[in-house]
Amino acid sequence: MMRDRFPRLSILGASLMLALTVSTTSVQADGMVPGQRNLACEPPSSTDDGWTAASPDSVGMDGAQLCGIAARLGQRATSVHSVVVARHGKLVFEQYFAGYDQPWGQPEGQREFTATTKHDMRSASKSVVSLLVGIAIDRKLIEGVDEPVLRFFTDHQAVEQAGWEAITLRHLLTMSSGMKWDEARAWTDPNNDEPHLGFEADPIGYVLARPVAAPPDVLWTYNGGGTELLGNILERVSGKPLETFAREVLFQPLGITDFEWKAYPKNGKIAAAAGLRLRPRDAAKLGQLVLDRGQWNGQQIVSADWIAQSIAPRFQAVGYFGGTLFYGYQWWMGRSLASGREIKWVGAFGWGGQRIFIVPELDLVMMTTAAQYGQPKEGLAAIDVLSNIVIPSVRDAR
């Protein structure tokens, strides 16, 4: 269920804290709490992070409409921590909000958020793993997506189950391997597979030991275990920890210098499926990279062919978000109804409301961070802002 919550946190405690926060904090008409300055109508700050800042109006967007984001969020008590918007490759909007959070490996509680504050990406980490797989293929470290998974794990032959010989990297990328996997259960349910990634001494062995319930390409099942295998494969073919490989081939070229990729506390294994922490402006760069077909500031970081393959709809995401979304290579595909038009987008989704949206036909990127962990309407604030404010603010088609 994309909870990716290591170490385990109390959802009941989180819910109570959120309820107290909403009930005791007065919200002004502009969506800000008393004493908090509304910076929405000021240009994004200029830093040395590689972004060019511009006014919304200079890229064909209605700046006054974007100023209403805080008020829209305030109406819904959304626990959103940041909203960042880029168009035509320029950063045109950013806003940050104080609030409750459950950061990985840190005490939960109230926090201030700014442009330089790292935030958990949770399962949006999976989309980054997809980019890294593409880079590894571009660099001939991996032959291609049709490579058998077991080829990379000859040291785990003792735990392999029947049917695994037919599973390829493509099946892991699309979550269609057919392995028996369930992370939609209660966190305390022993049949929930996700906690085992953090608690097992050998989480890779645990995943490879899962029985195969269906042939590949038959069933789509949300599966963080497959992403953990992909992350471990990247370590094996590069000879480097995942964090180091990511820094060298992806983050440094993007000018991302301040990031973390957390490890599971019990076994010390890098959490490929959920452990990435980024600053919001840096997370938006990942969206811009996809939007620009693998380029950033004129440099080809991952091939355009890989981007095209990654964001091609391959499966109906049955059981998630009403089953209305499609799934590619660890990326989601959906659409918004904005001003009577259907607008297609690509997304990276993380538990709690972490979202990166790429809107190709409008040359637009929007990302949010939030603390909607365990909330029934988790992530809806982001799609609401995208569909009802950000997309309608676009005044020209290109």
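The values are calculated or read from the model by the stated rules, or taken from the named source; none is laboratory data. None of these values were measured; they are calculated from a predicted model. Positions of Cβ are backbone-derived with ideal geometry, glycine not excepted, and every protein chain shown enters the neighbour counts. Calculation scope for accessible area: heavy atoms of the full protein, side chains included, ligands and nucleic acids excluded. Shrake-Rupley method; radii C 1.70, N 1.55, O 1.52, S 1.80 Å.
Using a/c under 1.5 as the rounded threshold, could you call region 89-150 rounded, prolate or oblate? The axes a ≥ b ≥ c are square roots of the C-alpha gyration tensor eigenvalues, and prolate needs a/b larger than b/c, oblate otherwise. Write down the numbers at each step before the final one.
Working: a/c = 4.50, a/b = 1.99, b/c = 2.26.
Oblate, because a/c is 1.5 or more while a/b does not exceed b/c.
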Among all the lysines, which ones have a C-alpha under 17 Å from Lys262's C-alpha, if same-chain residues fewer than 8 places away are not counted? Lys118, Lys126, Lys240
Rounded to the nearest 5, the percent of DSSP beta bridges in the chain running antiparallel is 95 percent
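Can you tell me the alpha carbon radius of gyration of the chain divided by the globular rule-of-thumb value 2.2 N^0.38 Å?
Its radius of gyration relative to the 2.2 N^0.38 Å reference: 0.95.
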Evaluated at q = 0.09, 0.22 Å⁻¹: base-10 log I(q)/I(0), Debye formula over Cα of region 264-398: -0.28, -1.57
Got a number for carbon plus sulfur as a percent of region 241-370's accessible area, 1.4 Å probe? 48 percent
Cβ-based net charge around Ser176, under 15 Å, with every Lys or Arg adding one and every Asp or Glu removing one: +3
Given 235-247, 315-327, 111-123, the highest-first ranking by average Cβ count within 10 Å works out to 111-123, 235-247, 315-327
Apply 1/(1 + (r/R0)^6) to the Cβ-Cβ distance of Arg341 and Ala158, taking R0 = 35 Å, and write down the FRET efficiency to the nearest 0.05. 0.05
In nanometres, the difference between 0.36 nm per residue of separation and the alpha-carbon distance of Lys180 and Thr52 is 41.5 nm
At 0.36 nm per residue, and after removing the present C-alpha to C-alpha distance, how many nm does the segment from Leu219 to Asn191 gain when stretched out fully? 8.2 nm
Leaving out ligands and nucleic acids, note down the accessible area per residue over region 182-296 with a 1.4 angstrom probe, in whole Å². 35 Å²
To the nearest µm²/s, what D does Stokes-Einstein give for region 102-220 at 4 °C and 1.567 mPa s, using the Kirkwood radius over alpha carbon pairs as Rh? 78 µm²/s
Computed lengthening from Glu112 to Glu248, 0.36 nm per intervening residue step minus Cα-Cα distance: 46.0 nm
Between Glu147 and Asp258, how high is the FRET efficiency from 1/(1 + (r/R0)^6) when r is the Cβ-Cβ distance and R₀ = 35 Å? Nearest 0.05. 0.55
